[in-house]
1. Using Cα atoms only, what is the angle between the long axis of helix 174-186 and the major principal axis of the chain, expressed in degrees (0 to 90) to the nearest 10?
2. Using Cα atoms only, what is the angle between the long axis of helix 96-116 and the major principal axis of the chain, expressed in degrees (0 to 90) to the nearest 10?
3. Specify the residue with the greatest mean-square fluctuation among THR199, THR161, THR31, computed from a Gaussian network of the chain linking alpha-carbon atoms under 10 Å apart.
4. Quick one: longest stretch of the chain between exposed loop GluC sites (Glu not before Pro), exposed meaning at most 15 other C-beta atoms within 10 Å and loop per DSSP?
5. Not counting the cut sites, what is the longest span of the chain without trypsin sites (Lys or Arg not before Pro) that DSSP labels loop and that have at most 12 other Cβ atoms within 10 Å?
6. Using just the helices of the chain, give the 222 nm mean residue ellipticity in deg cm²/dmol: DSSP H runs with n ≥ 4 each add -39,500 (n - 2.57), and the total is spread over all residues, rounded to 500.
7. Choose one answer from GLY153, GLY86, GLY121: the residue with the largest mean-square fluctuation in a GNM of the chain with alpha-carbon springs under 10 Å.
8. With everything on Cα atoms, drop me the angle between helix 133-143 and the longest principal axis of the chain, reported from 0 to 90° to the nearest 10.
Amino acid sequence: MTRPPTAAQRRVIDAADPVTGRLRGTESQLTALVKRGLAFRHPRPPHDHFLTPEGHRVRQGITPVPEPAGPGEAPAPTGVFAARVGGEETAGDAGPARRREVHSAWQGLLELRRMTNPGGGTDRPCGWERTHLVRAAALALEAAGHAPAGREGEGYRVRETPQPEAVAVHEPDGAALRACAATLEGAGWQVSEHREPHTGNRYLLASPRRA
């Protein structure tokens, strides 16, 4: 697990606006929070900083859970909240506490969209999602109630692809795969279905919609 935020960083997080997640702090404090994935710098002037979904988890005092790893790999623990991408070593708790965490993270992400998208639109992914594609798609799926795959067996798996703004979603059950497509489309992603050339298995390619 990574080290928890320093006392100074924790004060900055705790003092964030309870609605927008806007942060106030020194440049070094804010930069450190961005590097840890707990804050997001708005791309337009005045370039304010806001809590990411992970930052909201820390602010609310929710116990950290493992974070996803790279393409095709099971996630490794890093100490901040992350939606389950599928294929984790252990499926983890899927009870009420986990559902509350995921729901709160999704609400935080919608607020991040509202604060950073042009016109305040929440119907399409924001800049943070475009730089955290796997985590963002997995959060949309888990928040909608889809089941992530365990180490083996059925369930969704979200993975990186060679394409710069696309993730692959694998789900062996055809009906469940189509349901994942509907969820991602409703969350502002462009989705298309494909077949793997060697196995013939169906999978989804999903990219954040821009308009």
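1. Its long axis makes an angle of about 30 degrees.
2. Approximately 70 degrees, to the nearest ten.
3. THR199
4. 1-72
5. Values: sites that count: ARG24, ARG151, ARG210.
The answer is 25-150.
6. My calculation for the chain gives -10500 deg cm²/dmol from helical runs alone.
7. Maximum among the listed residues: GLY153.
8. The angle comes out near 80 degrees.
Read-outs throughout are calculated quantities, based only on the coordinates presented, and are distinct from any laboratory measurement. Worth saying up front: this structure is predicted, and the values here are computed from it rather than measured. Please note: Cβ atoms are built from the backbone with ideal geometry, for glycine as well, and neighbour counts cover all protein chains shown.
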